[in-house]
Amino acid sequence: MTGPQNLLEIKNLCIEGRSGTSWSNIVNGIDLTLERGEVIGLIGESGAGKSTIGLAAMGFARDGCRISDGTILFDGIDLRAASVSARRKLRGNRIAYVAQSAAASFNPAYKLIDQYCEGPVLHGSMERDKAESDAIELYRRMQLPSPDEIGFRYPHQVSGGQLQRAMTAMAMACRPDLIVFDEPTTALDVTTQIEVLSAIRDIVGQFNTAAIYITHDLAVVAQMADRIKVLLRGEEVEESDTKTMLKTPKEEYTKSLWAVRTYARPEHPLQSTQETPVLSVENVSASYGDLQVLFDASFDIHRRQTVAVVGESGSGKSTAARVISGLLPPETGTVKFEGERLPPEYKRRSKNQLRQIQMIYQMADTALNPKHRIRELIGRPAELYLGLRGKALEERVRELLSLIELEPDEYIDRMPSELSGGQKQRIGIARALAAEPQVIICDEVTSALDQLVAEGILKLLDQIQDKFGLAYMFITHDLATVRSIADEVVVMKEGRVVETGPKTKMFTPPHHPYTELLLSSVPEMDASWLDRLLESRANKNVEK
Amino acid sequence: MGSVWKMVAHRLGLGLLTMFVISILIFGAIELLPGDLAEEILGQSATPETVAAFRKEIGLDKPPVTRYVEWLGNVVQGNLGRSLANGREISELIGSRLPNTLFLALYATVLAVPIALTLGILAALYRNTLFDRLINITTLTSISFPEFFLAYLLIFFLAQTGLFPSMSNIGPKMGLSGKIYNTFLPALTLTFVVTAHMMRMTRAAIVNLLASPYIEMAKLKGVSPLWVIVRHALPNAFAPIINVVALNLAYLITGVVVVEVVFVYPGLGQLMVDSVSKRDITVVQAVSLIFACAYILLNLTADVLSTLSNPRLIHKR
């Protein structure tokens with residue numbers, strides 16, 4: 001049965017999750033085999049059971065989950081039958097884990113190198129001194145800046161991309177046979193993602209480590225994995241080697257995943273450049289305390305247009321939104337609505353001025369008051385800004401619910417906790433619409449959503465825009481989203497606007513160097529994309 | 001580290017301001033008390049003239065603001081004044097009592113803090129088991145009894161049997177071991193009183209962190225459950241724990257009147273109660289100021305220690 005060549009052999013894995021007092025299946029009969037040095041990609045939307053399976057490969061189940069059936073053989077050791085201490089000896093030692101958010105997964109109380117050394121010292125593979133010099137060596141191999149010194153910093157002193165590489169180094173500390181990568185680059189910017197991906201791939205190759213690479217991003221997994229397994233609600237959809245999977249996916253579901261990125265809305269050409277923009281940001285600079293985050297930023301938003309503001313984290317996109325909404329008064333510069341200057345502080349804006357600019361947030365979870373019913377969430381702005389009461393208010397709420405394609409009778413009295421992520425974001429849209437604004441600021445509204453759900457939200461936003469002639473300021477770091485919905489693009493970097501213009505111009509060369517860097521960093525559905533990119537960048541550096 | 005000293009200086013400044021406000025409150029509150037020392041000493045049969053003459057003699061006839069300014073001026077110079085009742089230097093009165101109070105507080109702390117932390121850690125480790133509930137019930141029961149009742153229980157079980165003395169006489173000449181032996185029962189009583197609060201905060205602060213990704217990471221590195229809690233959760237839970245410990249310490253210094261009375265222990269609490277009943281205003285004021293000072297200093301220490309326990313606050317980016 002157990003071929004000695006297979007490092008990991010999972011058969012008929014079933015995992016149950018607890019909801020209240022009952023247990024229900026979240027992973028249903030998954031088989032998975034992995035040879036030494038091989039990388040398998042697990043892909044699927046949230047709720048597909050990817051992470052749960054990855055953790056099960058370490059014989060681990062999160063609180064509220066239990067492995068109910070199946071066998072997990074790691075190098076011939078039955079992880080389900082093994083004693084608790086035997087499993088503990090394997091973890092961190094022969095099987096290691098790299099978590100999604102390195103910032104949250106490093107203990108804030110200890111320096112990076114202390115956390116690196118913990119594993120080797122605990123498992124007895126190295127003395128502390130040896131482990132320290134080993135850490136520095138691996139930091140160097142992971143191409144971390146100043147490897148001799150970076151380990152002696154605390155996690156909060158190191159950037160996200162560097163932390164993610166430090167975490168991969170930490171996983172390597174005991175030279176494991178298998179590493180489980182759980183969405184290691186999902187929280188990173190595209191440009192940072194590339195560095196992390198190539199560092200991970202190099203080190204896994206150097207030590208011939210087998211890996212389970214979990215992600216929801218097809219283009220990423222295509223660069224990393226030898227084989228891909230597609231999962232849906234705890235069941236396997238299909239599995240094959242990466243090339244075959246990309247070229248000829250068999251199942252409809254896989255094809256639908258592949259197709260998401262093709263959505264594009266027709267552009268809305270600008271009526272005339274003479275028209276007063278509905279919103280203009282003029283030479284705005286803003287700071288948080290002593291830290292200046294916006295430098296002389298200017299851009300316009302016209303009626304019926306979607307202006308995508310793109311940039312990496314820390315580029316000042318959200319700060320611009322805060323200035324426009326009056327949450328952060330700028331130090332210099334003005335924000336004009338229909339040619340009229342808005343007071344810098346929201347407190348000094350009139351109710352009508354406030355009504356015109358509404359926001360939709362990234363985390364629909366935290367943006368909705370969990371103690372309010374949908375009726376109140378949507379009804380409140382309609383009541384506040386438009387003075388609707390009683391029956392008229394109820395009518396309006398129902399109308400808005402129909403608009404966002406949620407059945408009014410079914411949803412009007414629900415609590416936010418009774419909605420899915422996509423539905424919550426729809427409520428966020430309805431709440432913004434309830435004020436009947438001219439401009440809606442969408443701050444990364446689809447970043448926390450699965451691709452298929454995100455596409456639904458984008459389509460809905462488009463319909464609404466057509467219907468009411470709204471202007472959108474669409475903040476995002478995802479260039480695929482920009483490609484599908486924007487009319488105008490504003491590229492930001494380190495608090496400055498580096499390029500503005502119509503989308504078509506933005507996506508046709510020649511590009512501004514930074515736009516070029518952003519564009520080329522977006523992973524493509526081609527297994528050799530990363531190699532080609534790294535090669536071309538290396539050549540460029542040589543030319544310089 | 002420079003920023004830490006800046007913070008300490010800042011907090012000390014605020015502490016002084018608080019002390020000033022408290023001194024006004026103390027003085028004002030005592031002014032509001034019915035009766036004064038003159039009436040108390042001369043008794044009900046005294047004529048208004050004698051009372052007035054006596055007031056004039058001890059300076060009680062001056063307007064309150066003048067008396068307050070005089071008093072504050074003296075206190076700032078380190079002169080707490082004399083007891084109105086027996087004319088002794090207050091600094092002398094307090095000087096003999098304060099070390100006793102501090103000794104008892106320290107004694108109870110040395111017993112209670114390790115017990116509370118250990119129990120809290122164990123309760124977090126075995127959370128939601130019978131053991132956890134047992135610890136919770138026991139500590140809650142002990143905090144729910146009135147202090148004097150606990151004290152009498154201990155006297156009944158430990159003093160009646162002759163193991164420990166029920167009267168905690170201590171003198172300046174007594175050696176440390178004698179002091180420890182003689183004050184064991186009041187210290188134990190106080191330990192029972194303060195343990196529950198600290199233990200429950202320790203448990204709650206740790207359990208709160210157990211869902212953190214870095215705790216899962218530690219488990220996935222093969223760290224044992226006890227070490228996960230002690231090494232990975234506890235250091236991040238220090239801030240709330242330190243604050244609760246400081247509050248309980250302050251209580252041990254200022255709130256142990258009942259226990260001192262039961263064990264006839266010569267501490268500040270007894271001095272305070274005696275002075276209030278004698279309307280010995282100057283002593284009451286001085287002791288209240290010391291209590292306020294203890295609260296402020298302990299809270300300051302707690303703030304500084306919680307800052308030091310958080311690398312994000314002392315190591316800038």
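Structure above, values below:
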item: Scope the range A:274-301; condition at pLDDT 85 or above and of a type in the set (Gly, Ala, Ser); matching residues; result: A:SER280, A:SER285, A:ALA286, A:SER287, A:ALA297, A:SER298
item: Within the range A:188-211, considering residues that are of a type in the set (Gly, Ala, Ser) and assigned to a helix (DSSP H, G or I), the one farthest from the chain's Cα centre (by Cα); result: A:GLY205
item: Residue match in the range B:207-220 (condition: touching a residue at least 60 places away in the same chain (Cβ under 8 Å), more than 26 Å from B:PRO146 (Cβ to Cβ), in a helix (DSSP H, G or I) and in the same structural domain as B:ALA286 (by TED's automatic domain parsing)); result: yes
item: Members of the range A:141-167 found to be under 19 Å from the mean Cα position of the chain (by Cα) and either in contact (Cβ under 8 Å) with a residue 40 or more places away in the chain or surrounded by fewer than 24 Cβ atoms within 10 Å (Cβ to Cβ) (or both), listed by number; result: A:SER159, A:GLY160, A:GLY161, A:GLN162, A:LEU163, A:GLN164, A:MET167
item: Flag if A:PHE207 is under 22 Å from A:GLU9 (Cβ atoms), at pLDDT below 90, touching a helix residue (DSSP H, G or I) at 6+ places or on another chain (Cβ under 8 Å) and of a type in the set (A, V, I, L, M, F, W, C); result: yes
item: The range A:55-105 - residue that is surrounded by fewer than 18 Cβ atoms within 10 Å (Cβ to Cβ) and in a helix (DSSP H, G or I) and, of those, nearest to the other protein chains (Cβ to nearest Cβ); result: A:ALA104
item: Qualifying residues in the range A:415-470 (those that are without any contact (Cβ under 8 Å) to a residue 60 or more places away in the chain, hydrophobic (A, V, I, L, M, F, W, C) and in contact with a Leu (Cβ under 7 Å, 6 or more places away or on another chain)) - the one nearest to A:SER46 (Cα to Cα); result: A:ILE457
item: Checking A:ARG304 against (1) of a type outside the set (A, V, I, L, M, F, W, C); (2) part of a loop (DSSP other than H, G, I, E, B); (3) modelled with pLDDT under 90; (4) more than 24 Å from A:SER402 (Cβ to Cβ), the condition it does not meet; result: (4)
item: Residues within the range A:152-182 that are in a loop (DSSP other than H, G, I, E, B) and either over 30 Å from A:ASP75 (Cβ atoms) or in contact with a Gly (Cβ under 6 Å, 6 or more places away or on another chain) (or both), tallied; result: 7
item: Options B:ASN169, B:ASN136; residue that is closer than 20 Å to B:VAL261 by Cβ and in contact (Cβ under 8 Å) with a residue 60 or more places away in the chain; result: B:ASN169
item: Test set (1) within 14 Å of chain B (Cβ to nearest Cβ); (2) touching a residue at least 60 places away in the same chain (Cβ under 8 Å); (3) assigned to a loop (DSSP other than H, G, I, E, B) - A:GLY47 fails condition number; result: (1)
item: When residues of the range A:301-340 are limited to those that are crowded, with 18+ Cβ neighbours inside 10 Å and polar (S, T, N, Q), the one nearest to A:LEU518 (Cα to Cα); result: A:SER315
item: Odd one out for B:ILE121, checked against (1) in contact with a Phe, Trp or Tyr (Cβ under 6 Å, 6 or more places away or on another chain); (2) closer than 30 Å to A:VAL121 by Cβ; result: (1)
item: Residue in the range A:124-140 that is surrounded by fewer than 19 Cβ atoms within 10 Å (Cβ to Cβ), within 13 Å of chain B (Cβ to nearest Cβ) and either part of a strand (DSSP E or B) or over 19 Å from the mean Cα position of the chain (by Cα) (or both) present; result: yes
item: Within the range B:102-126, considering residues that are in a helix (DSSP H, G or I) and among the aromatic types (Phe, Trp, Tyr), the one surrounded by the fewest Cβ atoms within 10 Å (Cβ to Cβ); result: B:PHE103
item: A:TYR116 vs. criteria assigned to a loop (DSSP other than H, G, I, E, B), touching a helix residue (DSSP H, G or I) at 6+ places or on another chain (Cβ under 9 Å) and either among the β-branched types (Val, Ile, Thr) or at pLDDT 90 or above (or both); result: no
item: A:LEU377 vs. criteria in contact with a Lys or Arg (Cβ under 7 Å, 6 or more places away or on another chain), at pLDDT below 90 and not aromatic (Phe, Trp, Tyr); result: no
item: Selection from the range A:148-187 of residues that are within 13 Å of chain B (Cβ to nearest Cβ) and over 30 Å from A:ASP478 (Cα atoms); result: A:PHE152, A:ARG153, A:MET172, A:ALA173, A:CYS174, A:PRO176, A:LEU178
item: The range A:298-312: number of residues that are among the aliphatic types (A, V, I, L, M) and either over 23 Å from A:ARG483 (Cβ atoms) or in contact with a Ser or Thr (Cβ under 7 Å, 6 or more places away or on another chain) (or both); result: 2
item: Test result for B:LEU305, at the interface with chain A (Cβ under 10 Å from one of its Cβ atoms) and more than 19 Å from B:MET19 (Cβ to Cβ); result: no
item: In the range A:341-366, the residues that are buried (at least 19 other Cβ atoms within 10 Å of the Cβ), in contact (Cβ under 8 Å) with a residue 24 or more places away in the chain and hydrophobic (A, V, I, L, M, F, W, C); result: A:LEU354, A:ILE357, A:MET359, A:ILE360, A:ALA364
item: Residue tally, condition surrounded by 10 or more Cβ atoms within 10 Å (Cβ to Cβ), in a loop (DSSP other than H, G, I, E, B) and at negative phi, over the range B:41-95; result: 11
item: Some residue of the range B:139-158 being at pLDDT 85 or above, buried (at least 16 other Cβ atoms within 10 Å of the Cβ), under 30 Å from A:PRO108 (Cβ atoms) and in the same structural domain as B:LEU297 (by TED's automatic domain parsing); result: yes
item: Single residue of the range A:106-123 satisfying the filter (of a type in the set (A, V, I, L, M, F, W, C) and within 29 Å of the chain's Cα centre (by Cα)) that is farthest from the other protein chains (Cβ to nearest Cβ); result: A:ILE113
item: Qualifying residue in the range B:180-200 (condition: closer than 22 Å to B:ARG133 by Cβ, part of a helix (DSSP H, G or I), of a type in the set (Lys, Arg) and in the same structural domain as B:SER309 (by TED's automatic domain parsing)); result: yes
item: Whichever residue in the range A:212-234 is under 15 Å from the mean Cα position of the chain (by Cα) and closer than 12 Å to A:ILE40 by Cβ and, among such residues, is surrounded by the fewest Cβ atoms within 10 Å (Cβ to Cβ); result: A:THR215
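A quick yes/no check of all residues on (1) more than 19 Å from A:GLU183 (Cβ to Cβ); (2) of a type in the set (Phe, Trp, Tyr):
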residue: A:THR71; (1), (2): yes, no
residue: A:GLY76; (1), (2): yes, no
residue: A:ALA81; (1), (2): yes, no
residue: A:VAL84; (1), (2): yes, no
residue: A:LYS89; (1), (2): yes, no
residue: A:ILE95; (1), (2): no, no
residue: A:ALA102; (1), (2): no, no
residue: A:SER105; (1), (2): no, no
residue: A:TYR110; (1), (2): yes, yes
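The values are calculated or read from the model by the stated rules, or taken from the named source; none is laboratory data. What you see is a predicted model, and the numbers here were worked out from it, not measured in a lab. Neighbour counts are summed over all protein chains in view; Cβ atoms, including those assigned to glycine, are modelled from backbone coordinates with ideal geometry.
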